[in-house]
Amino acid sequence: MDLSLFITKPGMEKLQKRVSYLMNEERPEVIKAISIAREFGDLSENAEYKAAKERQRAIDNEIDYLRRRSASLKVIDTTDFPKDMVRFGSYCVAVDITTDEKICYRVVGAEELNFTEEEDVQAVSVVSPIGKALLGKKVEEIAMVRAPMGERNLRIIEIR
């Protein structure tokens, strides 16, 4: 099962809001800027025109990517998931055994990492080393994270 295709319901809503914002706010602004820049004359030496066209390409590429990607994602409603173990969409508080640092994680889909901005919550992808280590763990169990930066041991102290 390809876990990278999953997204939480709030994650999909944020992704769709981003597409809407790009379509209804950003794109009209840049089209207006292109129109104004055209009035300056010679387009071959018009820096404002070139910058606006480049911005339009970037916006169009992002819209296209997000639309194609959202069509292939499977939305998972995690509201009724049991809180007995860390699952996709779960929040869990863990303590790094080495540093004694307490961190609240949320295991989410890879596509929603850019749209997750909860205060005091570190979003981790379900396919990341931390996400993989946390999945299936229960309170008081140790999640051993094997990452390029080294090994970390996280003790789960709360799941919500």
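The values are calculated or read from the model by the stated rules, or taken from the named source; none is laboratory data. Since we're looking at a predicted model, the values are computed, not measured. Positions of Cβ are generated from backbone atoms using ideal geometry, with glycine treated the same way; all protein chains shown enter the neighbour counts.
Residues that are modelled with pLDDT under 90, part of a helix (DSSP H, G or I), hydrophobic (A, V, I, L, M, F, W, C) and exposed (fewer than 14 other Cβ atoms within 10 Å of the Cβ) within segment 37-72 comprise Leu43, Ala47, listed in sequence order. Looking across segment 116-160 at every residue that is small (Gly, Ala, Ser) and touching a Lys or Arg at 6+ places or on another chain (Cβ under 7 Å), the one that is surrounded by the fewest Cβ atoms within 10 Å (Cβ to Cβ) is identified as Ala123. Inspection of segment 91-113 identifies at least one residue that is more than 27 Å from Val19 (Cβ to Cβ), of a type in the set (S, T, N, Q) and in contact (Cβ under 8 Å) with a residue 24 or more places away in the chain. Scan segment 113-158 for residues that are over 13 Å from Ala94 (Cβ atoms), among the basic types (Lys, Arg) and either touching a helix residue (DSSP H, G or I) at 6+ places or on another chain (Cβ under 7 Å) or part of a loop (DSSP other than H, G, I, E, B) (or both) and the total you get is 1.
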